[in-house]
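Structure, as structure tokens:
The values are calculated or read from the model by the stated rules, or taken from the named source; none is laboratory data. Since the model is a prediction, treat every value here as computed from it, not as a measurement. Note that we place each Cβ from the backbone using ideal geometry, even for glycine, and neighbour counts take in every protein chain shown. Ligands, DNA and RNA are excluded from the accessible area calculation, which covers all protein heavy atoms including side chains. Shrake-Rupley method; radii C 1.70, N 1.55, O 1.52, S 1.80 Å.
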Amino acid sequence: MRHLSRLQLIVAFVHMICVASGVLAADREAPPTPVQVVTDTYGEGELTVKDPYRWLEKQGDPEVRKWSLAQDRRTRQYFDTLPFRQQLFERLMAQISATSSSYYDLYAVGDNLFAMYSQPPKQQPMIALLSHTADPTRARVILDPNAINNKGTTAIDWFVPSPKGNLLAVSMSENGSEDGSVHIIDVGSGRQVDKTIPLVQYPTGGGSLAWRADGTGFWYTRYPGPEQGAQRQHFFQQIYFHNLGDDPGKDRYVLGKDFPKVAEIALENKQNSNYVMVSVANGDGGEFAHYVLDQDGNVKQVSHFKDKIVAAVIGADGAMYLVSRLDAPRGKLLKLQLDNLDLAHAQVIVSQSDAVIQSGGEFGGSPVIATQRAIYVREIVGGPSRVAIFDHDGKREGTLPLPEVAAVDEVEALNDGSLLYSVKTYLAPPYYSRYDEAAGTTSATKLTQTSPVAFDDTEVVRQFATSRDGTQIPLNIVRRKGVKLDGTHPLLLNGYGGYGVSEVPRFLGASTRLWLDAGGIFVIANLRGGGEFGETWHAQGALTNKQNVFDDFTAAANYLIAQKYTSSEHMASIGGSNGGLLMGAVFTQHPELFHAVVSQVGIYDMLRVELDPNGAFNTTEFGSVKNPDQLKALFSYSPYHHVMEGAKYPAILMATGESDGRVNPMHSRKMVARLQAATASGKPVYLSINSHAGHGIGSSLSIKVNQTADVYSFLFDQLKMPYPVVPHQLSR
């Protein structure tokens with residue numbers, strides 16, 4: 001066993017004791033926080049840590065509630081003193097409300113096209129039905145959660161149409177909790193026609209569903225329910241089958257009892273309804289196993305975690321396509337016939353190239369779309385993406401037409417021999433193009449979003465910072481044309497760096513336009529831990545290599561200062577979730593680097609994160625305190641344990657939601673308490689807590705815009721930026 005050094009033990013002790021010496025906060029206007037020290041020992045007694053704010057972990061405790069309300073009240077009072085905060089909210093809401101309706105998550109069934117449909121200023125997206133012509137003027141709303149709940153707190157998690165398109169299975173949840181139950185909706189009437197099925201969706205393992213080909217029932221994911229008053233479990237997700245009209249309590253178990261506790265199951269038969277592709281993730285670290293379900297419910301395992309198959313689909317041509325990273329960290333494409341599902345017989349039809357074959361998953365559609373005519377493979381190269389076209393033998397036939405720097409996260413095959421694919425760029429609203437397979441041509445569609453904000457005066461330049469170990473880190477710098485680099489510009493640096501999630505081009509919209517109008521520069525860093533350059537890039541920022549992510553972000557900030565884009569006095573950073581961990585690690589390691597930091601729904605106590613339901617899923621990404629090497633790494637960067645008494649921390653705004661099932665709000669509570677007690681900069685540490693929000697997914701429009709208004713009014717105030725009274729208008 002590798003032992004933690006004596007110095008580390010001393011540092012652990014000093015860190016904890018020096019902030020536990022009193023109740024009064026160094027952030028003098030902050031509500032007082034009592035200190036109640038709890039001592040923990042890790043490893044085989046090598047690491048002893050004192051936690052002064054353990055009591056803040058108790059979500060339902062009246063004292064914690066009282067403290068949280070005091071913190072949020074203080075934060076709201078601060079925002080109420082800012083003369084431009086309400087103006088900023090109204091401007092953002094007006095611009096977002098003036099944005100045209102948008103469609104996404106397309107799902108073609110026969111001649112019909114289902115889609116999620118957003119129509120600002122309505123609080124929540126809806127489900128709409130279009131024909132294969134994709135004409136939004138003829139769209140019909142099937143399900144409107146705004147009509148179900150006028151408070152805007154009911155959200156659609158996901159939906160799956162039946163093979164005939166006459167029914168919709170829809171998961172819905174409340175208050176951004178992502179704690180969803182499935183409802184069966186008749187497409188013709190919009191009414192629910194079967195009993196509600198609970199325990200189907202939760203943030204830990206997600207949720208999924210696939211219809212039987214004849215539409216008489218479906219396979220779905222289910223979590224164990226509470227038994228004899230026991231707390232509901234958010235582990236051990238399994239697969240059940242439901243016949244329409246049956247009592248859900250009597251649904252038939254199919255698969256999953258032998259899966260890991262942290263299994264995340266996805267069911268998919270979109271391209272071929274005769275078979276269900278079952279993908280099982282081993283937590284969040286990027287390991288997958290795959291199974292095939294036939295119409296009789298027979299199960300055949302195709303791959304195991306060790307096989308490094310990261311995605312698999314069954315195409316309309318009746319073959320299985322698998323994305324493999326075995327000896328190919330950027331991915332290669334395998335083909336397997338359904339009459340012989342032995343992985344040893346899979347044929348490599350597309351070898352590894354300079355591009356990364358995307359793995360799809362939670363933040364994107366299928367990476368491989370196989371029609372009767374061709375195979376379409378979503379690829380990414382360092383951030384921007386493309387769609388490569390191959391014949392069924394793997395011969396390359398070009399790519400779908402795209403702008404120079406763009407991203408595609410949806411490719412939907414229609415029954416008329418065409419495909420719709422989404423196009424996203426930094427400076428223009430998203431739209432869909434139509435590709436005609438037979439002609440090999442692309443045409444515009446009416447599924448095009450418009451926005452009142454314009455970026456005709458703006459450019460995106462891609463530059464590279466050198467990290468501590470020499471790795472080149474891409475930076476996407478959004479700036480007004482002709483900007484003079486003199487070190488005086490406010491600059492907002494954004495990063496994530498985890499789970500193999502890639503920071504790809506996306507429309508920057510009203511908030512970034514506001515930032516530019518105030519003289520700011522906006523930068524997105526493609527950090528290790530993401531998937532921009534494949535599995536190697538991800539692995540270099542995961543587990544015991546996580547410090548690389550923080551070094552990359554630090555290098556990005558230093559590069560921007562050296563190139564005179566900004567200075568520490570004028571620079572801020574922003575990140576959420578895993579990006580919140582990034583914020584905490586960087587400002588505790590380099591308190592002087594940023595003037596202000598916004599950290600949303602972040603993770604900060606890395607020694608206790610795995611005790612939460614979703615935290616257990618994260619051990620394959622972050623590591624576990626039960627592993628000696630991983631414990632050493634976790635402690636070495638854990639933000640909560642590296643807050644130092646007397647350090648001059650930047651102005652900090654942290655935000656969390658009480659319904660968050662992905663990151664326990666206790667992380668934000670404890671981290672804010674430590675920072676308020678320790679900081680010596682004279683700059684404030686604020687905490688915003690929303691009782692009707694979770695991790696951000698499913699939040700109402702008004703909550704999202706209010707949170708955005710908080711972020712930018714905080715940054716404008718702390719960086720002494722002028723409020724841009726007149727927004728930029730498109731040049732005519």
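Couple of notes before you dig in:
- Set side by side, the residues LEU491, LEU485 differ, and just one is open to solvent by less than 70 Å² (accessible area, probe 1.4 Å), out of contact with any helix residue (DSSP H, G or I) (no Cβ under 8 Å at 6 or more places or on another chain) and not β-branched (Val, Ile, Thr), which is LEU485.
- Selection of region 516-574 for residues being open to solvent by less than 10 Å² (accessible area, probe 1.4 Å), part of a helix (DSSP H, G or I) and among the aromatic types (Phe, Trp, Tyr) yields PHE550, PHE553.
- Looking across LEU336, LEU343, LEU400, one residue alone is buried (at least 21 other Cβ atoms within 10 Å of the Cβ) and out of contact with any Cys (no Cβ under 6 Å at 6 or more places or on another chain). It is LEU336.
- Looking only at residues of region 109-127 that are part of a strand (DSSP E or B) and within 24 Å of the chain's Cα centre (by Cα), we find that the one that is farthest from SER451 (Cα to Cα) is PHE114.
- Residue within region 203-216 that is touching a Leu at 6+ places or on another chain (Cβ under 8 Å), open to solvent by 30 Å² or more (accessible area, probe 1.4 Å) and modelled with pLDDT of 95 or more present: yes
- Search result, residues across region 426-453 that are part of a loop (DSSP other than H, G, I, E, B), polar (S, T, N, Q) and surrounded by 16 or more Cβ atoms within 10 Å (Cβ to Cβ): GLN449, SER451
- Scanning region 669-697 for residues that are closer than 22 Å to LEU593 by Cβ and open to solvent by 30 Å² or more (accessible area, probe 1.4 Å) yields a total of 4.
- Complete set of residues in region 567-602 that are hydrophobic (A, V, I, L, M, F, W, C) and touching a Ser or Thr at 6+ places or on another chain (Cβ under 7 Å): MET583, VAL586, LEU593, PHE594, VAL597, VAL601
- Of the residues examined, GLN201 is one that is touching a strand residue (DSSP E or B) at 6+ places or on another chain (Cβ under 9 Å) and touching a residue at least 40 places away in the same chain (Cβ under 8 Å).
- Enumeration of residues in region 633-668 that are in a helix (DSSP H, G or I) and either open to solvent by less than 10 Å² (accessible area, probe 1.4 Å) or in contact with a His (Cβ under 8 Å, 6 or more places away or on another chain) (or both): LEU634, PHE635, TYR637, PRO639, TYR640, HIS641, HIS642, MET666, HIS667, SER668
- Pair list, Cβ < 7 Å and 6+ apart or interchain, from region 612-635 residues that are under 25 Å from GLN59 (Cα atoms) to residues that are open to solvent by less than 20 Å² (accessible area, probe 1.4 Å) and among the polar types (S, T, N, Q): PRO613/THR204; ASN614/THR204; PHE617/THR204
- Search result, residues across region 128-156 that are part of a loop (DSSP other than H, G, I, E, B) and under 22 Å from SER181 (Cβ atoms): ASP144, ASN149, ASN150, LYS151, GLY152, THR153
- Unique match (being closer than 20 Å to GLY383 by Cα and at pLDDT 95 or above) among TYR432, TYR499: TYR432
- Among the residues making up region 162-194, those that are in contact with a Phe, Trp or Tyr (Cβ under 7 Å, 6 or more places away or on another chain) and assigned to a loop (DSSP other than H, G, I, E, B) are SER162, PRO163, GLU178, ASP179.
- Residues satisfying the stated conditions in region 414-425, i.e. open to solvent by 10 Å² or more (accessible area, probe 1.4 Å) and touching a Phe, Trp or Tyr at 6+ places or on another chain (Cβ under 8 Å): LYS424, THR425
- For region 455-478, residues that are among the basic types (Lys, Arg) and within 25 Å of the chain's Cα centre (by Cα) total 1.
- Residue within region 368-377 that is touching a Ser or Thr at 6+ places or on another chain (Cβ under 9 Å) and either basic (Lys, Arg) or surrounded by fewer than 21 Cβ atoms within 10 Å (Cβ to Cβ) (or both) present: no
- Among the residues making up region 601-632, those that are at pLDDT 95 or above, polar (S, T, N, Q) and either buried (at least 20 other Cβ atoms within 10 Å of the Cβ) or part of a loop (DSSP other than H, G, I, E, B) (or both) are SER624, ASN627.
- Any hit, region 95-108, residues being part of a helix (DSSP H, G or I), in contact with a Pro (Cβ under 9 Å, 6 or more places away or on another chain) and either open to solvent by 50 Å² or more (accessible area, probe 1.4 Å) or of a type in the set (A, V, I, L, M, F, W, C) (or both): yes
- Among the residues of region 226-284, those that are out of contact with any Ser or Thr (no Cβ under 8 Å at 6 or more places or on another chain), open to solvent by 30 Å² or more (accessible area, probe 1.4 Å) and over 24 Å from HIS183 (Cα atoms) comprise GLN228, GLY229, ALA230, LYS257, ASP258, PRO260, LYS261.
- Any strands (runs of 3 or more DSSP E) falling wholly within region 260-377 and containing at least 2 residues that are within 30 Å of VAL609 (Cα to Cα): 263-268, 276-282, 288-293, 309-314
- Residue within region 426-435 that is under 30 Å from GLY519 (Cβ atoms), among the aliphatic types (A, V, I, L, M) and within 27 Å of the chain's Cα centre (by Cα) present: yes
- Of all residues in region 479-515 being of a type in the set (Lys, Arg) and in a loop (DSSP other than H, G, I, E, B), the one that is farthest from the chain's Cα centre (by Cα): LYS484
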